[in-house]
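The block underneath contains the structure these notes are about, expressed in structure tokens.
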Amino acid sequence: MKKKILQSEVNAFLTNEKIMSRLQEKKDHLKKRKHKIEWTETTWNPSAGCTKVSSGCQNCYAEMMAKRLQSIGMKGYENGFTFNTVPSRLNDPLKRKKPTVYFVNSMSDIFHEDMPENYLNQIFNVIEQTPQHTYQILTKRADRMFQYLSQREIPKNIWLGVTVENKQQGLPRIDKLRNLQASVKFLSVEPLLEDLGKMNLKNIDWVIVGGESGHKARPMDKEWVENIKQQCETEGIAFFFKQWGTWGEDKIKRNKKLNGKELDGIVWQQYPDIIGIEKKL
């Protein structure tokens with residue numbers, strides 16, 4: 001005798017199918033969506049997740065994104081923002097012959113304290129095997145960066161950077177960076193949380209400045225930005241102003257797109273003096 005299928009069971013099945021379809025669409029959209037980091041071409045995340053080490057991490061965009069990726073079952077985010085390696089992504093650059101500028105670990109930190117050294121070696125092996133690509137590596141963990149790279153020859157296709165969000169935690173990282181022999185050494189001064197005063201920019205090639213985004217964003221003063229820009233001009237260093245963020249130049253809180261990226265009516269997006277890079281980006 002055939003079991004009678006209740007209409008409620010049919011409705012439940014159809015509802016579940018719709019939910020699964022929507023989740024898959026959302027997952028596909030996030031996979032295909034272009035990144036929003038203006039100073040790079042694409043991202044490569046052989047690890048995912050991180051832990052907060054400074055006031056610059058307070059409103060971390062990657063942490064919020066990780067929660068969204070976890071909700072749709074994206075690989076590497078099964079435990080949300082907990083640090084983990086993602087071996088399935090390790091060889092992605094090897095599959096791409098076209099010269100590409102990669103921002104390494106936009107959703108993590110390559111020098112995270114839980115990063116196994118043997119896996120870190122594998123990441124650098126991939127970089128060495130793909131000299132056609134350019135790799136932008138940014139970290140807040142300057143001590144481990146220096147410890148690891150000071151004993152090695154840094155591949156010429158690496159741009160090495162540190163975050164400089166404030167005086168106490170950010171400025172000391174610059175000293176670690178300047179003493180490494182990378183082709184390009186850069187500072188990511190975002191989110192800029194205070195006036196950094198006089199900076200020692202010796203051996204620095206590029207400075208990126210930006211305000212914080214999100215409903216909990218902290219404001220950035222125009223004078224802080226102009227101070228950095230003036231020092232870059234004096235030292236002949238490329239200056240890139242990314243955005244005002246949630247708080248505009250006029251100190252009004254609004255959508256970051258409306259606040260834009262002009263400083264005194266000009267878009268400042270300079271790049272280091274590397275042939276072909278500015279055109280590519």
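Here, each number is a calculation from the coordinates, and none is a lab measurement. Since we're looking at a predicted model, the values are computed, not measured. Positions of Cβ are generated from backbone atoms using ideal geometry, with glycine treated the same way; all protein chains shown enter the neighbour counts.
Placing +1 on the Cβ of every Lys and Arg and -1 on the Cβ of every Asp and Glu, with no other charges, gives the stretch 124-281 a dipole of roughly 520 debye about its Cα centre. Of the peptides 242-250, 158-166, the ranking by mean beta-carbon count within 10 Å, highest at the top, reads 158-166, 242-250. Separation of the alpha carbons by more than 30 angstrom is noted, of LYS167/LYS261; LYS229/LYS257; LYS95/LYS176, for LYS95/LYS176. Close amide-amide hydrogen proximity is noted between ILE158 and TYR135, SER183, each under 5 Å apart and 5 or more residues distant or on a separate chain (H modeled in the peptide plane; Pro and chain starts excluded). Compactness ratio for the stretch 92-155: Cα radius of gyration over 2.2 N^0.38 Å (N = residue count) comes to 1.11. Please list, ordered by chain and number, the residues whose modelled amide H lies under 5 Å from the amide H of GLU165; skip anything fewer than 5 residues away on the same chain. The list, which skips near neighbours in sequence, is GLY170.
Dipole magnitude for the stretch 161-215: about 340 debye, using +1 per Lys or Arg Cβ and -1 per Asp or Glu Cβ, origin at the Cα centre. Report note on the peptides 71-78, 93-100: ranked by the mean count of other C-beta atoms within 10 Å, highest first, their order is 71-78, 93-100.
Under the convention that each Lys and Arg Cβ holds +1 and each Asp and Glu Cβ holds -1, the size of the dipole of the stretch 205-281 around its Cα centre is about 640 debye. Annotation for LYS251 and LYS167: the two label points, set 7 Å from Cα along the Cα-Cβ direction, are 2.1 nm apart. Inter-label distance, SER55 to VAL267: 3.2 nm, where each label sits 7 Å from its Cα along the C-beta direction. Remark on ARG218: its backbone amide H falls under 5 Å from those of GLU212, a criterion applied only to residues 5 or more positions apart or on other chains, H modelled at 1.01 Å from N. Centroid-to-centroid, using Cα positions, the stretch 240-254 and the stretch 146-223 are 20 Å apart.
Reported value for the stretch 151-275: 116 Å³ per residue, from the convex hull of its C-alpha atoms.
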